[in-house]
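S.K.: What follows is a structure written as structure tokens; I'll ask about it next.
Read-outs throughout are calculated quantities, based only on the coordinates presented, and are distinct from any laboratory measurement. A quick note: this is a predicted structure, and the numbers were derived from the prediction, not measured. Please note: Cβ atoms are built from the backbone with ideal geometry, for glycine as well, and neighbour counts cover all protein chains shown.
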Amino acid sequence: MLKLSKYVLYDILRNRVVLAYTAFLLVVSFSLFQMEENSSKAVLSLLNVVLIVVPLVSLVFSTIHWYNSYEFVELMLTQPVSRKKVLLSEFAGIGSSLVTAYLVGIGIPVLIYHFDATGLALLLIGSLLTLVFTSIAFWASIKSKDKARGIGAALMLWFYFALIFDGLLLLIIFAFGEYPLEKVILTLSSFNPIDLGRIYLMLQMDVSALMGYTGATYKEFFGSFGGMLYTFGTLLLWIVVPLLLSIRSFSKKDL
């Protein structure tokens, strides 16, 4: 399994898309730090890149790579290797390559210009979101044999998590504003890894006021040590659960 993962990792790291992704993150990060005199403002601007671009690239790239490597996967399955090991090797290779690209593209500028708890939190959340959406992409890809449908499903998932979910949350808040919704909002936020990442990072930057009138509720819960554990525990579940569903579907799938 380790040899297979290394092969997938080395193959992807030479991929032009991954190199372009790394270069894009480097250019954007250095540009923001150079334009802003206050490095904290640059990190706040990078927050939008992490929450929008990273999930999109992770979803689309992982989906396309899975379909393009389908013949290689079938070849591996003719060897005495279980489907579970092949799938986990593919996930480990793709996930680690995308995390490496992220840590190089965002990590180097952050370590140079803003090496503190907030900068490290940005790197950690971005890495976790990369693995979350790689895991979700595997599940969506395995559920659909058609490449176009699988890529379409990946884009729709990104659209939902990045845009639609927040609209639905605001609709619930405005529709039931007279009722105590604090616990409901906290629970619903757990169903969107992007929202969890945004809440944690904005609390680290101490700009919870930008989250509106729900900022006080978020700060009270997610600002505590227990809230921090809850955030990272939930993000880990977002990685593990889709991956387990992928393994289950792939084990039963007729190739």
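S.K.: How high is the FRET efficiency between Glu74 and Ala23 when r is their beta carbon distance and R₀ equals 35 Å, given to the nearest 0.05?
M.R.: The pair Glu74/Ala23 has a calculated efficiency of 0.60.
S.K.: A further question on this structure: Among Lys145/Lys183; Lys85/Lys145; Lys84/Lys145; Lys84/Lys147; Lys147/Lys252, which pairs are too far apart, with a Cα-Cα distance over 29 Å?
M.R.: The answer is Lys145/Lys183.
S.K.: At 0.36 nm per residue, minus the direct Cα-Cα distance, what do Leu168 and Met35 gain on full extension? Give it in nm, one decimal, please.
M.R.: Net length gain for the segment: 44.4 nm.
S.K.: So how far, in whole Å, is the C-alpha centre of the stretch 50-107 from the one of the stretch 136-166?
M.R.: Cα centres, the stretch 50-107 to the stretch 136-166: 15 Å.
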